[in-house]
Structures are given as C-alpha cells and as structure tokens.
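Student: Starting off with a structure, shown below.
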Amino acid sequence: MSPPRIIARKRDGHALTAEEIGAFVRGATDGSWADYQLSALLMAICLRGFDAEETALYTAAMTRSGAVADLSAIPGIKVDKHSTGGVGDKVSLVLAPWVAACGVPVPMISGRGLGHSGGTLDKLEAIPGFRTGLSLAEYRDQVARVGCALIGQTPELAPADRRLYALRDVTATVESIPLICGSILSKKLAAGIDALALDVKFGRGAFMPDLPAARELAATLVRVGRAAGKQVRALLTRMDAPLGRAVGNALEVTESIAALRGAGPADLMEVTRALAVEMLLLGGVAADPAQARARLEAALSSGAALEKFRDVIAAQGGDARVVDDPHRLPVARHVEPVMAPRSGWVAAVDARAVAFAALRLGAGRARAEDTVDPAVGVAGVAGVGEAVTAGQPLAWLHANERSSLTDARALLAGAFALGETAVVPPPLVADRLAE
Ligand code: URA
C-alpha cells in the first residue's frame, strides 16, 4: 500500500478503499508517511473530495488513531457541544455548567483560538490556576464526580488529527468539508460521548462564509455522526457581529459569569439557550423543548448553573472565588473608549474587525505557538440596533501595551457602521438539522 499509489488514485479522482484510508491515517499517526506525502494526499482530497462512505471511513480511522475514552460506567447520556468557532463565542463556558446542572453529564473537549477565532481553553486559562490539560483518567473521574469537565485534546485522543491539522494549517487544505468533518468528529467520538449538539456558524466572523456552506458542513457532520452510532443535531447560527459584548479571554469569563447569574446579553443567551435545549433533549432529561426551557430557567434562577461552574473551576485547580469577585481575573493596565463619531443607530458590527483589534492587543494568536495575554481585549461592544449619541463609547479597549492601542483603536473604530434609522437584528439561529 505505497503512499504514491494512494495519492495518485485520489489525484485521478477515484474513491479510496477502507484499506487505503487506513494506511493514510496510520501513516500520519506512526510517522511512516512523510509530511510531503501526507500534504499531497490532503491537497488531492481537498480538490477531488471524499464521498459519504470515504468520509465515514476516514472519520472512523481518525477516531481509532489513539485511545477512545470509555465513559460507559458513568450514568446518563453524555452530551458534548461543538462550535465551528466565532468571535466572542463564550457559549461553552455558560452552556456546559448550565446543562450539567440540569442532570446531563457534559464531557467537553475544546480547542485554542487561532487567527480571528477565539478558543475556549484560552478563556478558561484566564482563571488563575485553571488546568485544561487533564489526563484521560482525571477527565473520566471528574465527569463522574462533578458531571462536567472542560479540557483540551489529550495526546492520547485522535493523534492523527494533531499531525494532519498542523499540516492543513500550512498547506491551504483546511477548507475541505470531509477533512473538517474527520477532524472535528474524531476528537469528539474519541472522548467517549453519546450525543453531540453542533453550533455551525456562518457569516463575517465565521469559518463558513454563508448559510448554504454551513448547511453542507452541518449535514455532513450529522450524517457521519449518525453513521458512528451517535445522536447529532446541529444549529446553524449567524456570526456577523461578535457574540455578547466582550472579546478577550478574562473579559469573556466575566461576561460568562454574568450570564450564569442571569444577566447575560440577549444574543449570547439566545444561542446558548437554543443549544442547551438540544442538549437536554439529547440527554433525555426533557421530553420536549418547553420542558427543557423550564428546567433550564430553574437551574439559572436557583443559582445551580453558577454553582456548577464554581465546582468545575475548583475541580480543575482554578480560583473559584472569581465567580463572586471577577476582579480576581487578570486586569489590563490601560482601558480606553472608542467614541461614536456621530449620533445614530448601530447598523452592523464587523466581528472580524473586532477580532483583529483584540488580536492586535494580544488577546489571540496569529500562529499556533504564540502566547495570549489573558487580560486584554475589547469590552462593552455596542450591539446592532442600539442607539448611540456622538461622543458616546462604542466599545472599550483593554490593553497592556500602549503601543498596541493606535492600531487596535483604528481597527475597532472601523468595525462599526452607523445608520440613520433603527434596525432590528435578525434571529441568530437560522436553521436546525436533526437526524
Ligand atoms: N476545527 C477542527 O477541529 N478541525 C477542523 O478541521 C476545522 C475546525
């Protein structure tokens, strides 16, 4: 099963067999394929595609490239959520403890931010002491004890994806639906989940540019997840403006704590609540959406959701006092407003431009090896439809380096479009795909 022969077959447009796909994934895992051979086949797949069967075989091989966690001894249906990523997307921080407080075990494997899109692990690590690098045994134990764990991909889980993702990142082969599907689902399936809710985002601040592209990715994920024996549902959500009012790691933790206190911004709560309803239905603790919503409201108003977040932080070594006193989170040295140049209504906020402003301040990473500054970012972002008067802040820059402020201020100011009349923002949840 020589690499050049397999590469040539895909180059010439043939469907690969289970053995050929197995050889490719094994070659990525054990090092027997060189980077240039893996990259050549990735490009061939990117150009020629995988059919439904090849995509399912590839996802299964990727899942089996390392350990598959066994959570079957933990009672309940274990449900995770995956988002394709966006700007200000702190949904996981609110959703995971909220759903766990309703009795659904949530084993959540998250990623780091790269480019314009933020990462749950970076946000959690803004909490002093918080460990995202649990071993598989610690992860299993915490899901059993606390009902929720929020961790990063361990070295044992889907190791083929680590190598292939790094190569895709530098060979222009990220934008392939079968490759994205194998990458996302292999990590989730290896983590031992029973069901998955997907947040597939589209728009200016998302990975997928428009609704048809997002629908195609969501349909593939749902179909391949089903073929692997899991229940998968997907929401297609708009990501044109940042989600919530804060973009930056500690700033987003503060906003998440407010959300768990019942004081979250409407857009963040809309997406989080919709995903939480899906997770309660998948987890079998609610018979219908109305029952799920009632259970969720009870967990929020009783403080159970916030308590669960506190438990998760403490279990993972973090300073749980941040829940009562967010000032214990890292704070930036300089805080400056960006003012509205005239009066009007906020017609649009360009999520990507806000993300680049936060990135310039040091909140994210341009390359995987960069470090992030947990304190910096953008907060108090005026929402679409809001009325503003000239000289009123549209957003606040939180910076540690004065030198970063000039560029960030220009980027942030350019993110806002002001109109003469009020606009009503469209619903964020545009569609839902279920098996
Ligand atoms: N996220 C992943 O984990 N993998 C991809 O390929 C794209 C987004």
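The values are calculated or read from the model by the stated rules, or taken from the named source; none is laboratory data. Keep in mind that this is a model prediction, so the values were computed, not measured. For neighbour counting, all protein chains shown are included, and Cβ atoms are generated from backbone atoms with ideal geometry for every residue, glycine included.
Student: Select from region 171-195 the residues that are under 17 Å from the mean Cα position of the chain (by Cα) and either outside the structural domain of A234 (by TED's automatic domain parsing) or away from the ligand (no atom under 13 Å from the Cβ) (or both) and write down the one among them that is farthest from S72 (Cα to Cα).
Tutor: Selected residue: A195.
Student: In this structure, does A126 turn out to be in a loop (DSSP other than H, G, I, E, B), assigned by TED's automatic domain parsing to the domain that holds K308 and either buried (at least 24 other Cβ atoms within 10 Å of the Cβ) or in contact with a helix residue (DSSP H, G or I) (Cβ under 9 Å, 6 or more places away or on another chain) (or both)? Quick ask: steps written out before the conclusion?
Tutor: Numbers: in a loop (DSSP other than H, G, I, E, B): yes; assigned by TED's automatic domain parsing to the domain that holds K308: yes; either buried (at least 24 other Cβ atoms within 10 Å of the Cβ) or in contact with a helix residue (DSSP H, G or I) (Cβ under 9 Å, 6 or more places away or on another chain) (or both): yes.
Here the answer is yes, as A126 does meet what is asked.
Student: Right, next: Give the number of residues within region 405-435 that are small (G, A, S), in the same structural domain as V338 (by TED's automatic domain parsing) and closer than 26 Å to S256 by Cα.
Tutor: Total meeting the criteria: 3.
Student: Something else about it: Of the numbered conditions (1) away from the ligand (no atom under 16 Å from the Cβ); (2) β-branched (V, I, T); (3) outside any helix (DSSP H, G or I); (4) buried (at least 19 other Cβ atoms within 10 Å of the Cβ), V87 satisfies every one except a single condition; which is it?
Tutor: (1)
Matching residues to (1) closer than 17 Å to V429 by Cβ; (2) of a type outside the set (K, R); (3) out of contact with any Leu (no Cβ under 8 Å at 6 or more places or on another chain):
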position	(1), (2), (3)
A228	no, yes, no
A234	yes, yes, no
M239	yes, yes, yes
A246	no, yes, yes
E252	no, yes, no
V285	no, yes, yes
A290	yes, yes, yes
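Student: Now a separate question. Which of the numbered conditions does E138 fail, given that it passes all the others? Conditions: (1) among the acidic types (D, E); (2) part of a loop (DSSP other than H, G, I, E, B); (3) away from the ligand (no atom under 15 Å from the Cβ).
Tutor: Unmet condition: (2).
Student: Could you give every pair whose Cβ atoms fall below 6 Å, whose first residue belongs to region 172-188 and is touching a residue at least 60 places away in the same chain (Cβ under 8 Å) and under 12 Å from A61 (Cα atoms), and whose second residue is of a type in the set (F, W, Y) and near the ligand (Cβ under 9 Å from one of its atoms), counting only separations of at least 6 or pairs across chains?
Tutor: S183/Y165
Student: Quick one: would you say A73 is farther than 20 Å from A305 by Cβ, in contact with a helix residue (DSSP H, G or I) (Cβ under 7 Å, 6 or more places away or on another chain) and outside the structural domain of V222 (by TED's automatic domain parsing)? Steps first, answer last, please.
Tutor: Details: farther than 20 Å from A305 by Cβ: yes; in contact with a helix residue (DSSP H, G or I) (Cβ under 7 Å, 6 or more places away or on another chain): no; outside the structural domain of V222 (by TED's automatic domain parsing): yes.
No.
Student: Determine whether M279 is out of contact with any Pro (no Cβ under 6 Å at 6 or more places or on another chain), aliphatic (A, V, I, L, M), farther than 30 Å from P330 by Cα and modelled with pLDDT under 95. Before you say what the answer is, go through the steps one by one.
Tutor: On the way: out of contact with any Pro (no Cβ under 6 Å at 6 or more places or on another chain): yes; aliphatic (A, V, I, L, M): yes; farther than 30 Å from P330 by Cα: yes; modelled with pLDDT under 95: no.
No.
Student: All but one of (1) out of contact with any Lys or Arg (no Cβ under 6 Å at 6 or more places or on another chain); (2) of a type in the set (S, T, N, Q); (3) within 16 Å of the ligand (Cβ to nearest atom) hold for T272, so report the exception by its number.
Tutor: Of (1) out of contact with any Lys or Arg (no Cβ under 6 Å at 6 or more places or on another chain); (2) of a type in the set (S, T, N, Q); (3) within 16 Å of the ligand (Cβ to nearest atom), only one is false for T272: (3).
Student: Any idea which of T29, T17, T55 is under 30 Å from A276 (Cα atoms), out of contact with any strand residue (DSSP E or B) (no Cβ under 9 Å at 6 or more places or on another chain) and of a type in the set (S, T, N, Q)? It would help to see each step written out before you state the result.
Tutor: Values: T29 fails: under 30 Å from A276 (Cα atoms); T17 fails: under 30 Å from A276 (Cα atoms).
Unique residue meeting the criteria: T55.
Student: Still on this structure: Is it the case, given these coordinates, that R131 is in a loop (DSSP other than H, G, I, E, B), in contact with a strand residue (DSSP E or B) (Cβ under 9 Å, 6 or more places away or on another chain) and more than 16 Å from the ligand (Cβ to nearest atom)?
Tutor: Details: in a loop (DSSP other than H, G, I, E, B): yes; in contact with a strand residue (DSSP E or B) (Cβ under 9 Å, 6 or more places away or on another chain): yes; more than 16 Å from the ligand (Cβ to nearest atom): yes.
Against the criterion (in a loop (DSSP other than H, G, I, E, B), in contact with a strand residue (DSSP E or B) (Cβ under 9 Å, 6 or more places away or on another chain) and more than 16 Å from the ligand (Cβ to nearest atom)), R131 qualifies.
Student: Continuing with the same structure: Which numbered condition in (1) within 13 Å of the ligand (Cβ to nearest atom); (2) more than 16 Å from the chain's Cα centre (by Cα); (3) of a type in the set (S, T, Y) is the only one that T154 fails?
Tutor: It is condition (1) that T154 fails.
Student: Would you pick out the residues in region 90-109 that are modelled with pLDDT of 95 or more and outside any helix (DSSP H, G or I)? Before the answer, list the steps.
Tutor: Looking only at region 90-109, we keep the residues that are modelled with pLDDT of 95 or more, and these are 90-108.
The answer is K90, C102, G103, V104, P105, V106, P107, M108.
Student: Can you spot a residue in region 104-117 that is small (G, A, S), more than 13 Å from the ligand (Cβ to nearest atom) and closer than 28 Å to V174 by Cβ? I'd like the intermediate steps shown before the answer.
Tutor: The initial filter retains those residues of region 104-117 that are small (G, A, S), namely 110-111, 113, 115, 117.
Adding the requirement that they be more than 13 Å from the ligand (Cβ to nearest atom) leaves none.
Within region 104-117 (the criterion being small (G, A, S), more than 13 Å from the ligand (Cβ to nearest atom) and closer than 28 Å to V174 by Cβ), the answer is no, since none of the residues qualifies.
Student: One residue is enough: does region 218-228 have a residue meeting the conditions more than 9 Å from the ligand (Cβ to nearest atom), touching a residue at least 40 places away in the same chain (Cβ under 8 Å) and within 16 Å of the chain's Cα centre (by Cα)?
Tutor: Looking only at region 218-228, we keep the residues that are more than 9 Å from the ligand (Cβ to nearest atom), and these are 218-228.
Next, only the ones that are touching a residue at least 40 places away in the same chain (Cβ under 8 Å) stay: 218-228.
This time we only want the ones that are within 16 Å of the chain's Cα centre (by Cα), so: 218, 221.
Scanning region 218-228 turns up at least one residue that is more than 9 Å from the ligand (Cβ to nearest atom), touching a residue at least 40 places away in the same chain (Cβ under 8 Å) and within 16 Å of the chain's Cα centre (by Cα).
Student: To continue, here is another question. If we scan region 157-168, do we find a residue that is within 16 Å of the ligand (Cβ to nearest atom), within 22 Å of A434 (Cα to Cα) and part of a helix (DSSP H, G or I)? Break it down into steps so the answer makes sense when it comes.
Tutor: If we filter region 157-168 for residues that are within 16 Å of the ligand (Cβ to nearest atom), which is where we start, we get 157-168.
Next, only the ones that are within 22 Å of A434 (Cα to Cα) stay: none.
Checked region 157-168: no residue is within 16 Å of the ligand (Cβ to nearest atom), within 22 Å of A434 (Cα to Cα) and part of a helix (DSSP H, G or I).
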